[in-house]
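Only one structure is covered here, and it is reproduced in the block below.
What follows is calculated from the coordinates using simple rules that are stated; it is not laboratory data. As the structure is a computational prediction, the values presented were derived from the model and not from experiment. For neighbour counting, all protein chains shown are included, and Cβ atoms are generated from backbone atoms with ideal geometry for every residue, glycine included.
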Amino acid sequence: MGIGSFFTSKLDEAIGWARKYSIFQYPFVTACCGMEYMATACSHYDIDRFGAGLPRFSPRQADVLFVVGTISHKMAPVLKRVYDQMTEPKWVVAFGVCTCTGGFYNNYATVQGIDTIIPVDVYIPGCPPRPESVIDGLMKLQDKIATQTQRY
Amino acid sequence: MDGAAVLDAIRQRADVVETHAHRGDATVVVTRDALPRVLALCRDAPALAFDMLMDLTAVDYLKYPGREDGPRFEVVYHLYSLVHNHRVRIKTRVDEDDAVVPSAVGLWPSANWFEREVWDMFGVRFSGHPNLMRLLLYEEFVGHPLRKDYPIDRRQPLIGPAQ
Amino acid sequence: MAETTRREFMLGEGSGTGSGSQNLHVGMGPAHPAMHGIIRITTELDGETIVKADVEIGYLHRAFEKDCEEGGYNNAIPYTDRLNYVSPLINNFGYCAAIEKLLGIDVTERCKYIRVIMSEISRICDHLTCIGASAMELGAFTVFLYMIKAREFLWELVEDVTGARLTISYGRVGGVKADLPDGFSAKTTKAFKETREVLDEVHRLLTGNRIFLDRMVGLGALSREETIAYAITGPLLRAVGVPYDVRRAQPYDVYDRLEFEIPTQKDGDNFARYLVRMAEMEQSMRIVEQALARIPGGAINVDAAGRPIDPAAYVDLGKQGKTEGLLLVPITLSPNLQGQQRAALERVNVHDKRVVLPSKETTYGSIEGLMNHFMLIMEGSGIRPPLGEAYAAVEGANGELGFYVVSDGTDRPYRVRCRPPCLPPMAALSRMIEGGMVADLIPTFGSVNMIGGELDR
Ligand code: SF4
């Protein structure tokens with residue numbers, strides 16, 4: 001390993017470490033999961049501990065898109081648009097089984113998993129996921145952010 | 001007034017096809033032509049005074065035992081009177097190829113969105129409605145999903161795969 | 001921009017601009033940060049005044065009514081959870097009430113009390129969320145945190161009873177899933193004490209708060225006549241002075257035996273709606289306290305003296321044919337099935353084999369029980385109401401929640417229609433916001449308490 005690659009991998013680590021604790025999320029809240037999202041975000045479960053407490057309500061300023069709740073076919077173009085508006089680097093969390101697979105809404109109105117429209121990094125199953133599993137998903141995302149190759 | 005008295009009052013003043021009170025729900029079936037008169041009567045007669053159109057919906061009787069050949073749709077009005085605290089259900093039947101019902105928007109503004117929803121879900125039109133557009137689905141959607149012959153998993157995505 | 005064009009643009013003068021000023025079209029939503037809910041409002045603004053508004057809904061349409069037609073009667077209960085997902089218990093019970101009406105059965109006394117208790121807890125959760133979220137949108141983030149804290153106390157109660165926090169699926173046709181757990185009433189007392197403290201705090205923070213008043217008083221008002229004409233029920237109707245409440249007007253369960261007031265206000269504006277909701281929460285707690293004091297049947301105590309054995313051993317014994325006396329042995333259930341022992345279920349469920357699943361003991365311990373279970377679960381059997389139709393209404397958190405069910409005699413509902421309490425106010429939303437400032441749209445929308453799952457179904 002040359003000194004150069006040693007240096008970049010350390011830099012990667014440093015950047016990863018910094019990024020994982022400054023998650024600015026954009027909550028794309030549509031349905032019931034939003035209630036659990038609220039509960040997770042508030043004082044009781046406090047996701048501020050993970051550096052993810054501050055939602056940015058503009059996709060252009062956010063790093064992580066939290067897709068919370070069922071996405072219907074009518075809503076799908078909106079979601080895609082929001083995703084496209086986010087700047088790199090960006091990650092997507094599918095919150096709840098509806099966003100992962102369509103959940104138990106296997107019908108004409110519902111998108112069968114948002115990964116048919118946009119790429120997803122972390123899936124949090126549950127209908128709705130309990131705050132504990134949301135936090136688990138968030139930590140998984142942090143690991144992913146910290147260990148991936150950083151682009152800057 | 002109790003249900004029987006409501007039914008009597010309507011029967012006396014208008015032509016009705018049939019009435020029943022299954023499980024205590026006073027129900028009147030009227031022809032489409034009589035519908036506007038009956039609805040107006042229900043709202044305006046002081047003894048009835050149905051000032052709220054609580055709900056308006058439709059049922060597709062395509063696969064209902066014994067009703068396969070009859071008129072396909074039934075449009076159902078649930079009325080409630082704040083003054084007298086009583087309820088009534090008014091129904092009218094229409095065929096598939098002539099699925100038009102006079103609009104009730106002039107009587108109760110709440111009919112506006114309910115009728116749009118019925119159009120959206122069943123494809124029953126309301127003549128005289130100011131803005132009969134789909135309420136819940138998108139304009140690109142073809143067909144009316146709550147009809148019994150619309151398969152539940154026929155998807156019509158705007159973007160993404162149809163699966 | 002060149003000087004002349006800028007002038008033309010700003011003042012609407014000169015060539016190319018038409019004559020005079022023009023209205024500006026601003027679209028809000030469906031994913032708008034200041035609105036909790038996905039709807040799209042297209043407004044036409046003159047300066048900051050909304051001249052015309054058009055509301056579009058349907059972004060959360062999940063085919064509830066079609067889904068219900070696809071399964072058995074009890075299978076629709078999880079879907080009803082997700083109608084008004086802030087107060088799912090009321091939806092469960094409303095749906096069950098409609099099916100029970102169709103079947104012509106009456107639930108047990110204890111079950112009625114349980115339904116009342118759980119509905120009222122749900123109603124408090126709903127109002128807490130509504131007020132918290134709309135206060136947050138006005139900048140009062142603290143209130144939101146407080147309200148969610150209080151809701152968390154109540155959700156813990158709900159979790160104790162139902163096993164889930166939000167999507168509880170607790171109602172069953174003919175009863176409820178399980179009896180109340182031990183010590184429920186003590187926990188309720190504690191949770192209510194904490195909730196009352198929070199409400200007190202919120203009262204002090206908001207009710208006299210100058211900023212809050214400026215954003216709420218006199219805004220978003222709807223006249224009494226219009227409210228009625230739009231068939232708006234619930235807190236919005238009571239805020240214009242009409243004391244209509246299904247719980248009082250056409251009592252169901254045991255509401256006619258409990259004492260409570262129906263809070264009303266006169267002005268019909270956002271502030272009146274806020275006051276109605278705040279007062280209703282207190283009334284709901286009153287109802288729960290009375291109901292807990294009067295609930296018949298007492299606490300559940302399947303005591304260990306009767307040799308409790310675990311379900312697996314129970315099944316084994318049954319398979320080996322050692323069924324003698326097995327029916328008399330209480331079963332130990334995992335904690336999340338608490339309240340589902342035979343004795344408990346008999347207290348809360350109708351004694352009607354056509355409708356209610358037998359308890360685990362009966363299913364595993366006797367051939368009749370097994371057959372009964374099988375018959376209810378098997379495709380094509382199950383609950384089969386006679387041909388007919390029924391409409392049953394309960395008082396949801398947002399107003400009259402009605403279910404209209406048509407049966408064709410099979411084990412699947414032919415048609416389930418939900419009368420969503422928040423659709424009429426949304427239909428009237430454009431009437432409420434037209435003529436107001438664009439910023440006032442937010443508190444007005446908040447006071448309507450639109451819940452997507454219920455609105456779009
Ligand atoms: S996963 Fe469940 S709780 Fe979440 S939005 Fe879907 S149905 Fe609602």
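Here are the numbers for the structure shown:
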{"quantity": "Kirkwood-based shape ratio for the stretch B:1-118, expressed as Rg/Rh from alpha carbons", "calculated": "0.95"}
{"quantity": "Residues in the stretch C:88-116 reached by a label modelled at C:Lys187 [backbone nitrogen below 19 Å; 7 Å Cα→Cβ]", "calculated": "C:88-90, C:111, C:113-116"}
{"quantity": "Backbone HN-Hα couplings from phi across the stretch C:154-164 [Karplus 6.51/-1.76/1.60, Hz, Gly and Pro as x]", "calculated": "6, 5, 5, 4, 4, 5, 4, 7, 9, x, 9"}
{"quantity": "Calculated FRET value between C:Asp54 and C:Asp106, using beta carbons and R₀ = 30 Å, to 0.05", "calculated": "0.05"}
{"quantity": "Helix A:3-20 vs. chain A, principal-axis angle (Cα, 0 to 90°, nearest 10)", "calculated": "40 degrees"}
{"quantity": "Rough spin-label spacing in nm, given labels placed 7 Å along Cα→Cβ, for C:Lys353 and C:Thr410", "calculated": "2.6 nm"}
{"quantity": "Label-point gap, in nm, between A:Glu88 and C:Met437 - each point 7 angstrom along Cα→Cβ", "calculated": "4.4 nm"}
{"quantity": "Helix-derived mean residue ellipticity, 222 nm - over chain A, DSSP H n ≥ 4, -39500 (n - 2.57), to 500", "calculated": "-12000 deg cm²/dmol"}
{"quantity": "Spin-label proximity, A:Phe57 to the stretch C:29-58 - amide N less than 18 Å from point 7 Å beyond Cα toward beta carbon", "calculated": "C:29-43"}
{"quantity": "Estimated vicinal HN-Hα couplings, Hz - the stretch C:56-66 in sequence order (Karplus 6.51, -1.76, 1.60; Gly, Pro = x)", "calculated": "10, 10, x, 6, 10, 5, 10, 6, 4, 5, 6"}
{"quantity": "Computed FRET value (nearest 0.05) for B:Asp2 with A:Asp136, which takes r as the C-beta separation and R₀ as 45 Å", "calculated": "0.20"}
{"quantity": "Residues A:Ser58, A:Ser133 arranged by fewest to most Cβ contacts within 10 Å", "calculated": "A:Ser58, A:Ser133"}
{"quantity": "FRET efficiency estimate (nearest 0.05) - Cβ-Cβ, B:Ser127 to B:Arg11, R0 22 angstrom", "calculated": "0.25"}
{"quantity": "Crossing angle, helix A:76-85 versus chain A [Cα axis fit, 0-90 degrees, rounded to tens]", "calculated": "20 degrees"}
{"quantity": "Low-density loop cleavage sites - chymotrypsin sites (Phe, Trp or Tyr not before Pro) in the stretch A:32-88, where at most 14 other Cβ are within 10 Å (DSSP)", "calculated": "A:Phe57"}
{"quantity": "Under Karplus coefficients 6.51, -1.76 and 1.60, residue-wise ³J(HN,Hα) of the stretch C:88-103 in Hz, glycine/proline x", "calculated": "x, 4, 5, 4, 3, 6, x, 5, 4, 4, 5, 5, 5, 5, 4, 7"}
{"quantity": "Global geometry of chain A, whether rounded, prolate or oblate, following the gyration tensor of its Cα atoms and the 1.5 cut on a/c", "calculated": "prolate"}
{"quantity": "Zone of C:Leu387's modelled label, taken as backbone nitrogen in the stretch C:414-434 under 19 Å from a point 7 Å along Cα→Cβ", "calculated": "C:414-416"}
{"quantity": "Charge sum, other residues only, whose C-beta stays under 13 Å from B:Asp15's C-beta, Lys/Arg counted +1 and Asp/Glu -1", "calculated": "+2"}
{"quantity": "Whether the stretch C:148-249 is rounded, prolate or oblate, judged on the alpha carbon gyration tensor where a/c under 1.5 counts as rounded", "calculated": "oblate"}
